[in-house]
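Encoded as structure tokens, here's the structure I'll be asking about.
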Amino acid sequence: MDKVKVLEKYLPPEAAPLIGRWIDYFKCEFKISRNRGTKFGDYRAPYQGKGHRISVNYDLNPYAFLVTTVHEFAHLHTFNEHKHKAKPHGTEWKHNFKKMMQPFFEKDIFPPDVKHAIISYLNNPAASSCSDLTLYRSLRKYDAPKEDIHTVEKLPIHALFKLKDGRIFRREEKLRKRYKCTEIATRRVYLFSPVAEVEVVND
Ligand SMILES: [Zn+2]
């Protein structure tokens with residue numbers, strides 16, 4: 001099947017032709033990958049005869065898929081310009097990410113709240129992939145609703161929840177940025193990110 005046709009299933013359709021051209025222009029192997037839980041996407045620099053490789057999780061909503069794709073292409077472009085001399089999310093990468101985001105802003109692809117979150121993310125010197133909670137939350141709003149999956153911050157205090165590995169926790173009070181949660185089986189206390197995805201347990 002035509003590359004752009006495939007990309008249109010994952011991206012906002014107006015964004016697909018340009019991403020298709022980048023794949024050709026940068027001679028990049030672009031893979032739509034299974035969900036890896038800890039990351040949305042990945043860039044690998046040329047190594048042992050292999051060229052540039054980018055992969056993006058298949059289950060992101062179209063806006064999150066586009067932001068992640070541009071994020072990874074900014075790594076590729078930064079590698080071409082600076083090889084391993086530039087830091088992964090340093091000033092060179094940020095400059096390229098900003099520049100490569102422009103054509104999609106010009107096409108008015110993003111809803112206003114997402115656009116606003118991306119712009120403040122671009123202006124935040126500490127920005128990296130998903131450490132920006134405002135950007136992450138505004139992208140998440142466009143996900144199809146998942147049953148029984150909630151984020152820790154949405155749970156009432158003392159609610160029980162389960163992780164993918166089956167361990168059960170109780171949500172306790174919020175410390176500065178994270179939530180204290182007690183593992184029921186061991187009574188050990190862990191700190192959870194407010195946007196960690198958990199399954200609600202009905203007791
Ligand atoms: Zn990155």
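The values are calculated or read from the model by the stated rules, or taken from the named source; none is laboratory data. Everything numeric here is computed off the predicted structure, so don't read it as measured data. All Cβ positions, even for glycine, are placed from backbone atoms using ideal geometry, and neighbour counts span all protein chains on display. The accessibility values were calculated without ligands, DNA or RNA, using every heavy atom of the protein model including side chains. Shrake-Rupley method; radii C 1.70, N 1.55, O 1.52, S 1.80 Å.
When region 115-128 is examined, which residues are found to be more than 15 Å from the ligand (Cβ to nearest atom) and either surrounded by 13 or more Cβ atoms within 10 Å (Cβ to Cβ) or part of a helix (DSSP H, G or I) (or both)?
Scanning region 115-128 gives 115, 116, 117, 119, 120.
Look at residue 24 and say whether it is outside any helix (DSSP H, G or I) and out of contact with any Phe, Trp or Tyr (no Cβ under 8 Å at 6 or more places or on another chain).
No; evaluated as a whole, the condition is false for this residue.
Still on this model: Would you mention how many residues in region 95-104 are open to solvent by 80 Å² or more (accessible area, probe 1.4 Å) and among the aliphatic types (A, V, I, L, M)?
Total meeting the criteria: 0.
Just a yes or no: is a residue in region 43-54 modelled with pLDDT of 95 or more, within 24 Å of residue 117 (Cβ to Cβ), open to solvent by less than 30 Å² (accessible area, probe 1.4 Å) and within 16 Å of the ligand (Cβ to nearest atom)?
Taking every residue of region 43-54 in turn, at least one turns out to be modelled with pLDDT of 95 or more, within 24 Å of residue 117 (Cβ to Cβ), open to solvent by less than 30 Å² (accessible area, probe 1.4 Å) and within 16 Å of the ligand (Cβ to nearest atom).
Taking residue 155, is it more than 16 Å from the ligand (Cβ to nearest atom) and modelled with pLDDT of 90 or more?
So residue 155 passes the test.
Would a scan of region 105-114 turn up a residue that is within 14 Å of the ligand (Cβ to nearest atom), open to solvent by less than 60 Å² (accessible area, probe 1.4 Å) and not in a helix (DSSP H, G or I)?
no
Which of the residues belonging to region 69-94 are free of Cβ contacts under 8 Å to residues at least 40 places away in the same chain, assigned to a helix (DSSP H, G or I) and either within 11 Å of the ligand (Cβ to nearest atom) or surrounded by 16 or more Cβ atoms within 10 Å (Cβ to Cβ) (or both)?
If the condition is that a residue be free of Cβ contacts under 8 Å to residues at least 40 places away in the same chain, assigned to a helix (DSSP H, G or I) and either within 11 Å of the ligand (Cβ to nearest atom) or surrounded by 16 or more Cβ atoms within 10 Å (Cβ to Cβ) (or both), then 70, 72, 74, 75, 78, 79, 92, 93, 94 are the ones that fit.
Taking strands (runs of 3 or more DSSP E) that fall entirely within region 146-200, which contain at least 3 residues that are open to solvent by less than 50 Å² (accessible area, probe 1.4 Å)?
Once the strands (runs of 3 or more DSSP E) in region 146-200 are filtered for at least 3 residues that are open to solvent by less than 50 Å² (accessible area, probe 1.4 Å), what remains is 168-174, 179-183.
Pairs needed: first member in region 12-41, modelled with pLDDT of 90 or more and of a type in the set (D, E, K, R); second member anywhere, open to solvent by less than 70 Å² (accessible area, probe 1.4 Å) and assigned to a loop (DSSP other than H, G, I, E, B); C-beta distance under 7 Å; at least 6 residues apart or different chains.
Within 7 Å, the pairs are 14/109; 27/51; 29/51.
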